[in-house]
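See structure below.
The values are calculated or read from the model by the stated rules, or taken from the named source; none is laboratory data. Because the structure is predicted, anything quoted here is derived from the model rather than measured. Please note: Cβ atoms are built from the backbone with ideal geometry, for glycine as well, and neighbour counts cover all protein chains shown.
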Amino acid sequence: MKLNVQWTWFHRLGSPRWFYQKTQRWLPWLSLVMLTLMVTGLVWGLAFAPPDAKQGNSFRIIYLHVPASIVALAGYYFMAIAGAIGLIWRIKLSYMLMRSAAPIGAALTFIALVTGAIWGKPTWGAYWVWDARITSMLILLFLYLGVMALRNTYSNNEVADKAAAILSLVGMVNVPIIYKSVDWWQTLHQSATIKLTGAPSMHPDMFMPLVVMILGFYSFYAVSLFLFTRAEILRRECRTSWVKQLVTHNLVEK
Amino acid sequence: MYFESFQQLVFMGGHGVYVWSSVYISLVVLGGLILKPLCQKKQMFKNIQVQIDLQKANDKALNRGQDNASHS
Amino acid sequence: MSNFISGGFKAYLYRDLLLSVRDKTDLVKPLIFFLLIAALVPLAIAPEAQRLAKLAPGLIWMLAVLATMLSIERLFSDDLNDGSLEQMLLSPNLLIMPVLGKVTAHWLVIGLPLTLLSPVIGIWFSLPSVAVIPMMLSLVLGTAVLSLIGAVGAALTLPRQGGVLLALLVMPLYMPVLIFGSATIQSAVDGLNWIGPLAMLAAFLAIAIALCPLAITAGLRLAKNG
């Protein structure tokens, strides 16, 4: 019997209305956190941190490029896992989160690619170098675009969600394979300056603002994700009474 | 501050173009990622309001029709 | 019991092969494309043997990818139109069996002839003869993976077909195959160990045979129910 306490709690967690109401309260302070982190990190990194010995001031682009790349990649896994949860437990909200994750991830990948290219010009003399990192990022962009494009193939929302989830999962399996393949094929890019274990090979004065920016980008991702998902909830639940009440209440307040 | 003057901050020893164009592009895209869903939400509110108004008008017309029918 | 598991594989393999043989133009088109573009490249670039030889490994593999992508799109569309897809979904056999049968048929009709034609391209591009066997081995394994991955894309784009979406979907997934496929040939040309990259292709094939049918069947069910 599915009517046990666990199921009802789980079910409520997946309710779009619950999400909409909760995020209404979370967004103000989350946005504040995001702005604080981003502004602090950016000012610190652009104006206060010392420049790189070899690359000079163009190295400051790292404070945009690296956080964007990290969150873009993490965002893909988030999208795929949200899709998997939607497939396994049939939770609509999970599908909505997955749908919202796609354009955000694609945009962040775009930022990573563009800032990477701009960084490449003064550093290596060329806007584009076919090395492991850049090429993997480009493939990631195509993976995201594919998930976004698949949306229009199916007229039924439910079916489109499932297809997008399947594609995301197939891509997720492939991301490490792609990365390792391209890495094996060409290694021009400098080895990762941030490792999960062990000390980073960057001076702490340069490293700290980077950490702040990474946290800032993660909080940005959350804010943007919530905003997109809220709009998606309105779109899909427009016929429910709670949404109608929300809209009329909103106008009454105005 | 690492730079001695505002001028130096902008110019960044020749690399200013690269750094600031990256900042500009990033901020534009990030800004878009916030503005787009907000616009979508506003649009949805408008659409739903229209829908509600239509529903109300429809109901009124229906009621009037029923009243007429019950009277005659 | 054994029929339940393996049933459908042989049947659909023979069926698709028969259909392909009957419609000979579909059979030959991708291969002609393969040869045509290969013939155009020297005209576009330069007829120098040295340059062509440098391009050969990557180019041959690019052609294989393109030929597969062009032909895989319609793998399921005819079945959707004439109701055979519904039959497949309704049959008591495991759905992955007909799917594997169809994909194998596709490989036999596209990938295998490609492999057999590749020495001709090798000659056109002055590929050193030491690289011919590695090239053919890489193509044999690689085109099978390409067919499997392509079928995933074909199944997911079944409701609305139009080449670009399929290409967009499968292109990122094709990249590792492309990398290791051309690396096999290049390693052979350079006199290095080419078994390594080839082994990666074999690994990809194993993974693809295991996972792709799941994605394909899921996509087919969605297409039918959507």
### Query
Any idea which residue in the range A:1-48 is modelled with the highest pLDDT, counting only those that are exposed (fewer than 12 other Cβ atoms within 10 Å of the Cβ) and polar (S, T, N, Q)?
A:THR8
### Message
Condition check: surrounded by fewer than 24 Cβ atoms within 10 Å (Cβ to Cβ), without any contact (Cβ under 8 Å) to a residue 12 or more places away in the chain and more than 10 Å from every other protein chain (Cβ to nearest Cβ). Does A:ILE85 satisfy that?
### Response
yes
### Task
Count, please, the residues in the range C:87-108 that happen to be part of a helix (DSSP H, G or I), touching a residue at least 60 places away in the same chain (Cβ under 8 Å) and out of contact with any Leu (no Cβ under 7 Å at 6 or more places or on another chain).
5
### Task
Considering only residues that are at the interface with chain A (Cβ under 7 Å from one of its Cβ atoms) and small (Gly, Ala, Ser), look in the range B:4-31 and name the one that is surrounded by the fewest Cβ atoms within 10 Å (Cβ to Cβ).
B:GLY13
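Conditions tested, residue by residue: (1) buried (at least 19 other Cβ atoms within 10 Å of the Cβ); (2) within 11 Å of another protein chain (Cβ to nearest Cβ).
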position: C:VAL164; (1), (2): no, yes
position: C:LEU169; (1), (2): yes, yes
position: C:ILE185; (1), (2): yes, no
position: C:LEU192; (1), (2): no, no
position: C:MET200; (1), (2): yes, yes
### Residues (surrounded by fewer than 19 Cβ atoms within 10 Å (Cβ to Cβ), of a type outside the set (Ser, Thr, Tyr) and at the interface with another protein chain (Cβ under 8 Å from one of its Cβ atoms)) located in the range A:146-173
A:ALA149, A:ASN152, A:ASN156, A:VAL159, A:VAL173
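Enumerate the helices (runs of 4 or more DSSP H) found wholly within the range C:112-204, keeping only those where 1 or more residues are within 22 Å of A:PRO176 (Cα to Cα), among the polar types (S, T, N, Q) and in contact with a Leu (Cβ under 7 Å, 6 or more places away or on another chain).
The helices (runs of 4 or more DSSP H) meeting that bar are C:132-156, C:163-190.
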#### Entry: Given (1) more than 9 Å from every other protein chain (Cβ to nearest Cβ); (2) in a helix (DSSP H, G or I), number of the condition A:TRP130 does not satisfy
(2)
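Can C:ALA215 be described as among the hydrophobic types (A, V, I, L, M, F, W, C), within 12 Å of chain A (Cβ to nearest Cβ) and part of a helix (DSSP H, G or I)?
Here the answer is yes, as C:ALA215 does meet what is asked.
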### Query
How many residues does the range A:205-250 hold that are in contact with a Phe, Trp or Tyr (Cβ under 9 Å, 6 or more places away or on another chain) and more than 29 Å from A:ASN157 (Cα to Cα)?
7
### Message
Can you say whether C:GLY191 is of a type outside the set (Asp, Glu), at positive phi and touching a residue at least 60 places away in the same chain (Cβ under 8 Å), as far as the supplied structure shows?
### Response
yes
